[in-house]
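*Asks:* I have a structure I would like to understand better, so I am pasting it below and will then ask my questions one at a time.
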Amino acid sequence: MNNNINPLLRDVRLDERLRFLRDGVVCLRQIISPEWVRRAQDGVEHEQVMFESGAGEVARQLTVTRRLRWIYDQLFDSDPMAAGTPWHQDTSYGLADSHRIVRVWMPVDHVPRETGIEVVRGSHLWKAERGWAGRIEVRDIEANRRAFDIVGYEVDAGDVVAFNYRSLHHAGASGVNFNEKRRAFAILYADDALALRHRPPLMPPAVRDHGPRLA
């Protein structure tokens, strides 16, 4: 590996961090380096993306946290005809309610607005209803879209959408655009102390420590 590769093209700006705190979501344009975009498109290993692409550094700068832990990651490789994901939160991991828990969604391809991530702006601040892990009761958002402040983005490889893990979000159906796939990495990071103090029984025991790499 070329250790001289700068994982980020730029730092997260103050206005972007304030938007993340206020809205629970922010789109960071052209922050991942072209070298990492190429490597992701060529099928780079998950572990390299988690620890070397700059995704963790994005989370660190947004949360102003020196030590982060990787909680889990996913690779979405959607067929053009695939259905979207339903509206949900990422609260099932039982972590404490905090702005220092962030999902970093990093597209590998161009993703149209219709098929990308959508978030109900400000939903990370909603008072939790009674329920398991303090989850917000997910109402029928899709059937009542005009009643919610929904934000979404058309993104390209090199962009990042980051959102609070309590934010209600979903992804549109790939079938809206029959000529494009939707590939993206989605990684959940949490403040080191929160992750250890509130680790739920189902969290994998071998959680990777981001501290030394992000300090």
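Let's see how each residue does on (1) polar (S, T, N, Q); (2) under 16 Å from L168 (Cα atoms); (3) at pLDDT 90 or above; (4) under 15 Å from the mean Cα position of the chain (by Cα):
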site: N2; (1), (2), (3), (4): yes, no, no, no
site: L8; (1), (2), (3), (4): no, no, yes, no
site: P34; (1), (2), (3), (4): no, no, yes, no
site: Q48; (1), (2), (3), (4): yes, no, no, no
site: A96; (1), (2), (3), (4): no, no, no, no
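*Asks:* Of all residues in region 22-48, which are surrounded by fewer than 22 Cβ atoms within 10 Å (Cβ to Cβ), among the aliphatic types (A, V, I, L, M) and farther than 11 Å from F185 by Cβ?
*Replies:* V37 - this is the single residue of region 22-48 that is surrounded by fewer than 22 Cβ atoms within 10 Å (Cβ to Cβ), among the aliphatic types (A, V, I, L, M) and farther than 11 Å from F185 by Cβ.
*Asks:* Looking for whichever is of a type outside the set (D, E), at pLDDT below 85, touching a helix residue (DSSP H, G or I) at 6+ places or on another chain (Cβ under 6 Å) and surrounded by fewer than 17 Cβ atoms within 10 Å (Cβ to Cβ) here; the options are A193, A206, A215, A133. Which one fits?
*Replies:* Among A193, A206, A215, A133, only A133 is of a type outside the set (D, E), at pLDDT below 85, touching a helix residue (DSSP H, G or I) at 6+ places or on another chain (Cβ under 6 Å) and surrounded by fewer than 17 Cβ atoms within 10 Å (Cβ to Cβ).
*Asks:* Scan region 147-170 for residues that are aliphatic (A, V, I, L, M) and buried (at least 23 other Cβ atoms within 10 Å of the Cβ) and report the count.
*Replies:* 5
*Asks:* Considering only region 49-63, state which residues are of a type outside the set (G, A, S), open to solvent by less than 20 Å² (accessible area, probe 1.4 Å) and over 15 Å from G158 (Cβ atoms). Before you say what the answer is, go through the steps one by one.
*Replies:* Going residue by residue through region 49-63, those that are of a type outside the set (G, A, S) are 49-52, 57-58, 60-63.
Subset that is open to solvent by less than 20 Å² (accessible area, probe 1.4 Å): 49-50, 58, 62-63.
Once the filter is applied, which keeps residues that are of a type outside the set (G, A, S), open to solvent by less than 20 Å² (accessible area, probe 1.4 Å) and over 15 Å from G158 (Cβ atoms), region 49-63 yields M50, L62, T63.
*Asks:* Give just the number: which of (1) buried (at least 20 other Cβ atoms within 10 Å of the Cβ); (2) under 30 Å from S33 (Cβ atoms); (3) at pLDDT 90 or above does S123 not satisfy?
*Replies:* So S123 meets the others, but not (2).
The values are calculated or read from the model by the stated rules, or taken from the named source; none is laboratory data. As the structure is a prediction and not an experimental result, all values here were calculated from the model. Because the Cβ atoms are built from the backbone with ideal geometry, glycine has one as well, and the counts that use them run over all protein chains shown. For the accessible areas, the whole protein counts, side chains as well, though only heavy atoms, and no ligand, DNA or RNA atoms are used. Shrake-Rupley method; radii C 1.70, N 1.55, O 1.52, S 1.80 Å.
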